[in-house]
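One structure is given below, encoded as structure tokens.
The values are calculated or read from the model by the stated rules, or taken from the named source; none is laboratory data. Bear in mind the structure is a predicted one, so any value in this text is a computation, not a measurement. When we count neighbours, we look across all protein chains shown, and the Cβ atoms used for this are built from the backbone with ideal geometry, even at glycine.
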Amino acid sequence: MFDFLEGYDLLGAFWATVQLTVYSAIGSLIWGTLLAGMRVGPVPLMRAFGTAYVNFVRNIPLTVIILFSSLGLYQTLGVDLGGDGIVQVISFRLSVLGLIVYTSAFVCEALRSGINTVPVGQAEAARALGLNFGQVLRLIVLPQAFRAAVAPLANVLIALTKNTTVAAVIGVAEASLLMKEMIENEAQLVLIGAVFAFGFVCLTLPTGLLMGLLGKKVAVKR
Amino acid sequence: MTDVTVAKEDAAPVGDLVVLKDVNKHFGALHVLQDIDLTIARGEVVVVIGPSGSGKSTLCRTINRLETIDSGSIAIDGKPLPAEGKELARLRADVGMVFQSFNLFAHKTILENVTLGQVKVRKADKKVAEEKARALLDRVGVGAQADKYPAQLSGGQQQRVAIARALAMEPKVMLFDEPTSALDPEMINEVLEVMQQLARDGMTMIVVTHEMGFARSAANRVVFMADGRIVEEAAPEQFFSNPRSDRAKDFLSKILHH
């Protein structure tokens with residue numbers, strides 16, 4: 001029944017999806033955390049930048065961002081992110097960049113909702129000890145905010161996993177591009193669709209479950 | 001009580017530690033602090049009392065600039081209170097603060113709560129900081145709880161840890177913002193006893209409280225506030241037995257007669 005799969009690198013395609021997800025997740029977690037820091041920080045210019053960034057980026061379709069990074073950044077401006085002329089590598093890196101730019105806005109907002117669960121008194125007590133803003137954020141507020149933000153961050157991570165399929169529009173050989181190719185070549189339309197749907201569920205369902213467990217484990221008792 | 005305080009004032013270097021001059025602050029239209037002049041000498045224990053909304057907590061919080069002021073000046077140990085930044089952080093390290101709601105760091109153990117400031121602000125060695133923290137926790141009677149998290153402790157224990165956390169910075173002055181107001185009645189005394197011991201040891205303290213017993217037994221001076229002003233300042237005996245202002249008489253008649 002599944003002999004139509006022969007000759008296709010299904011695992012390889014999903015491996016590309018996983019790689020896109022992992023690199024983008026790490027990047028957007030870092031950049032999103034910095035954005036959240038800016039949005040709650042004392043410097044008006046940074047607060048304005050953070051707010052503008054989030055409201056701008058999260059309202060642009062991801063496809064537009066990914067297409068722009070390929071057509072605009074690479075083909076017009078020649079930014080190849082050290083891809084050395086190899087189109088697959090360049091597309092992959094540009095996709096990761098686009099996914100980070102996009103997802104970090106959502107990470108920032110998830111984290112900010114976590115920050116809002118930390119009572120003001122925690123930061124006040126930390127300031128009263130003589131900690132500076134960076135230390136208060138790093139040592140007291142963010143550790144508690146991350147614990148409270150595990151559930152919304154899990155949503156962001158699941159959305160990111162599925163959003164990696166947009167990389168197909170600039171030719172990254174990930175799962176959905178393979179699906180397109182297989183549907184064109186094979187006669188098993190429904191089965192192909194089911195196989196890929198199942199593949200994505202296999203990636204995202206455990207993510208949700210694990211993050212749920214993690215959230216319970218690290219929850220801050222008050 | 002007075003003979004004890006005289007002895008400790010002799011031991012401590014003389015001088016004014018905290019000086020507030022002409023301090024004004026507004027919350028929107030509300031004038032919460034009006035022309036506040038207050039001087040606290042080294043080693044002095046000043047209790048601030050007054051009806052709620054009188055500005056006493058705000059006064060306490062302006063002294064380490066958790067609240068900014070609109071006009072006037074505040075100086076600690078001869079140095080004016082700096083604006084935000086490194087200087088302010090350094091000054092805050094010298095001013096211990098104890099909050100009504102304890103505010104222990106919820107994700108850190110009791111021991112970590114008391115070592116954090118020493119290690120991150122005073123740059124103390126971790127081992128040394130832990131030894132000092134354990135000694136302080138023993139002193140306030142919660143040494144056995146060092147490895148627990150704040151939520152596992154009673155309110156009274158948490159507040160004593162908060163006092164230990166502030167003391168670990170070796171502050172010049174300690175601010176107490178209604179330290180017993182959030183406590184169950186049976187836990188108030190264990191906190192007051194720690195504070196009384198601290199007062200006997202010569203710590204300079206500014207205490208906002210409704211505990212008149214503490215004011216009587218531990219304070220050198222009572223400051224009575226109402227509607228954002230300091231209405232009356234006097235020694236505790238004089239204030240409680242013979243208040244001069246009508247506002248103070250009215251206030252005392254409401255709280256002392258039951």
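In region B:116-142, of all residues being touching a residue at least 40 places away in the same chain (Cβ under 8 Å) and not in a helix (DSSP H, G or I), the one that is farthest from the other protein chains (Cβ to nearest Cβ) corresponds to B:Gly141.
Taking the criterion of being among the hydrophobic types (A, V, I, L, M, F, W, C), facing chain A (nearest Cβ under 9 Å) and more than 20 Å from B:Thr204 (Cβ to Cβ), the only residue of region B:76-101 that qualifies is B:Ala89.
Here is the figure for region A:59-70: residues that are closer than 16 Å to A:Arg93 by Cβ and in contact (Cβ under 8 Å) with a residue 60 or more places away in the chain total 4. Being within 26 Å of A:Phe14 (Cβ to Cβ), of a type in the set (Asp, Glu), in contact with a helix residue (DSSP H, G or I) (Cβ under 8 Å, 6 or more places away or on another chain) and more than 14 Å from chain B (Cβ to nearest Cβ) is the requirement here; does A:Glu186 meet it? Considered against the rule, which asks whether it is within 26 Å of A:Phe14 (Cβ to Cβ), of a type in the set (Asp, Glu), in contact with a helix residue (DSSP H, G or I) (Cβ under 8 Å, 6 or more places away or on another chain) and more than 14 Å from chain B (Cβ to nearest Cβ), A:Glu186 comes out as yes. Of all residues assigned to region A:69-84, at least one qualifies as being modelled with pLDDT of 90 or more, in contact with a Gly (Cβ under 7 Å, 6 or more places away or on another chain) and not in a loop (DSSP other than H, G, I, E, B).
Here the condition is being in a helix (DSSP H, G or I), small (Gly, Ala, Ser) and within 12 Å of another protein chain (Cβ to nearest Cβ); of A:Ala123, A:Ala154, it holds for A:Ala123 alone. Scanning region A:3-38 for residues that are among the charged types (D, E, K, R) and either in contact with a Lys or Arg (Cβ under 6 Å, 6 or more places away or on another chain) or assigned to a loop (DSSP other than H, G, I, E, B) (or both) yields A:Glu6, A:Asp9. Of all residues in region B:48-64, none satisfies the criterion of being without any contact (Cβ under 8 Å) to a residue 40 or more places away in the chain and either part of a strand (DSSP E or B) or within 9 Å of another protein chain (Cβ to nearest Cβ) (or both). The single condition among (1) surrounded by 19 or more Cβ atoms within 10 Å (Cβ to Cβ); (2) more than 22 Å from the chain's Cα centre (by Cα); (3) more than 10 Å from chain B (Cβ to nearest Cβ); (4) among the β-branched types (Val, Ile, Thr) that A:Ile140 does not meet is (3).
The single condition from (1) within 11 Å of chain A (Cβ to nearest Cβ); (2) part of a strand (DSSP E or B) that B:Ser73 fails is (1). Looking at B:Met203, B:Met195, which is the one that is free of Cβ contacts under 8 Å to residues at least 60 places away in the same chain, away from chain A (no Cβ under 14 Å) and surrounded by 20 or more Cβ atoms within 10 Å (Cβ to Cβ)? Exactly one residue qualifies, and that residue is B:Met195. Can A:Val166 be described as surrounded by fewer than 17 Cβ atoms within 10 Å (Cβ to Cβ) and of a type outside the set (Phe, Trp, Tyr)? Spelling it out, it is not the case that A:Val166 is surrounded by fewer than 17 Cβ atoms within 10 Å (Cβ to Cβ) and of a type outside the set (Phe, Trp, Tyr). Going by what's in this entry, would A:Gly208 be described as closer than 22 Å to A:Val96 by Cβ and either surrounded by fewer than 19 Cβ atoms within 10 Å (Cβ to Cβ) or within 14 Å of another protein chain (Cβ to nearest Cβ) (or both)? For A:Gly208, the condition - closer than 22 Å to A:Val96 by Cβ and either surrounded by fewer than 19 Cβ atoms within 10 Å (Cβ to Cβ) or within 14 Å of another protein chain (Cβ to nearest Cβ) (or both) - is not met.
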